[in-house]
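Below is one structure, written out as structure tokens; the observations come after it.
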Amino acid sequence: MTMTTTTTTTTPAHEPPEATANLLAVAALPIDAATGDAVCDVIAESLGRPRGSVQLASNLFDDLGADSLDLLDVVFALEGRFTIEITRGALEQAARGDMTDDEFAPAGAISDAGLERLRALLPESRERIRPGLLPREIPRLFTVGTFARIVLAKLAEAT
């Protein structure tokens, strides 16, 4: 008599997809000086700011005066400098993971689970991630360090 055993693996609810897992893993690591400096250089040039005013902790909107169009310029410049592709809305998608729209932002505001994922992805902006945050406000949380982490995650995906 032969016995067959079947093992079933259950994926926990809201398991982050691979790209999200890369961003989450990189968010927990320090940013190396070479990548941090290169990202600061690109952002300073893209925004027409003196290099000395651009630090990893600088918020693109509040500290550096960027607007939504400037974000596109920054993304294009980083893609060119590092030969990577940064998907538009990558951080929102990473925060969303496999949550549906209703799970991520019921009634328009980001859910507690979505806020926790954002805090993990954007450790430098933890104190600004509060209940009532709307998905369209996520880019206002971005710092230079946020983009350095995205670059590191994209470079890790490429290897």
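The values are calculated or read from the model by the stated rules, or taken from the named source; none is laboratory data. From a predicted model like this one, the values you see are computed outputs, not experimental measurements. With ideal geometry, Cβ positions are generated from the backbone for all residues, glycine too; neighbour counts draw on all protein chains shown.
Just to be sure before I move on: is Phe61 out of contact with any Ser or Thr (no Cβ under 6 Å at 6 or more places or on another chain), in a loop (DSSP other than H, G, I, E, B), of a type in the set (Phe, Trp, Tyr) and closer than 20 Å to Gly36 by Cβ in the structure I sent?
yes
Provide a single number: the residues in region 43-60 that are in contact (Cβ under 8 Å) with a residue 60 or more places away in the chain and either basic (Lys, Arg) or buried (at least 17 other Cβ atoms within 10 Å of the Cβ) (or both).
The number of residues fulfilling the criteria is 6.
Tell me the residue from Ser53, Ser68 that is out of contact with any Gly (no Cβ under 7 Å at 6 or more places or on another chain), at negative phi, at pLDDT below 95 and of a type in the set (Ser, Thr, Tyr), please.
Ser68
Yes or no: region 125-135 includes at least one residue that is within 26 Å of Leu78 (Cβ to Cβ), surrounded by fewer than 20 Cβ atoms within 10 Å (Cβ to Cβ), touching an Asp or Glu at 6+ places or on another chain (Cβ under 9 Å) and at pLDDT 90 or above.
So far as region 125-135 goes, yes, one or more of its residues are within 26 Å of Leu78 (Cβ to Cβ), surrounded by fewer than 20 Cβ atoms within 10 Å (Cβ to Cβ), touching an Asp or Glu at 6+ places or on another chain (Cβ under 9 Å) and at pLDDT 90 or above.
Filter region 95-114 down to residues that are more than 17 Å from Arg136 (Cα to Cα) and surrounded by fewer than 13 Cβ atoms within 10 Å (Cβ to Cβ), then give me how many there are.
Summing the residues that are more than 17 Å from Arg136 (Cα to Cα) and surrounded by fewer than 13 Cβ atoms within 10 Å (Cβ to Cβ) in region 95-114 gives 0.
Confirm whether Arg117 is of a type in the set (D, E, K, R), at pLDDT below 90, closer than 20 Å to Val26 by Cα and loosely packed, with under 13 Cβ neighbours inside 10 Å.
It is false that Arg117 is of a type in the set (D, E, K, R), at pLDDT below 90, closer than 20 Å to Val26 by Cα and loosely packed, with under 13 Cβ neighbours inside 10 Å.
Just a yes or no: is a residue in region 87-94 aliphatic (A, V, I, L, M) and crowded, with 21+ Cβ neighbours inside 10 Å?
Within region 87-94 (the criterion being aliphatic (A, V, I, L, M) and crowded, with 21+ Cβ neighbours inside 10 Å), the answer is yes, since at least one residue qualifies.
State which residue pairs qualify: first residue under 14 Å from Gln93 (Cα atoms) and inside region 130-141, second residue among the charged types (D, E, K, R) in any location, beta carbons under 7 Å apart, and separation of 6 or more residues or different chains.
Final answer for the pair search is Pro135/Glu92; Ile138/Glu92.
Let me spell it out: the conditions are (1) at pLDDT below 80; (2) assigned to a loop (DSSP other than H, G, I, E, B); (3) surrounded by 13 or more Cβ atoms within 10 Å (Cβ to Cβ); (4) not charged (D, E, K, R), and Thr9 meets all of them except one. Which number is the exception?
So Thr9 meets the others, but not (3).
For region 63-93, which positions are in contact (Cβ under 8 Å) with a residue 24 or more places away in the chain, more than 15 Å from the chain's Cα centre (by Cα) and within 27 Å of Phe104 (Cα to Cα)?
Answer for region 63-93, where residues must be in contact (Cβ under 8 Å) with a residue 24 or more places away in the chain, more than 15 Å from the chain's Cα centre (by Cα) and within 27 Å of Phe104 (Cα to Cα): Ser68, Asp70.
Taking Ala120 as the residue in question, decide whether it is over 22 Å from Leu78 (Cα atoms) and touching a residue at least 60 places away in the same chain (Cβ under 8 Å).
It is true that Ala120 is over 22 Å from Leu78 (Cα atoms) and touching a residue at least 60 places away in the same chain (Cβ under 8 Å).
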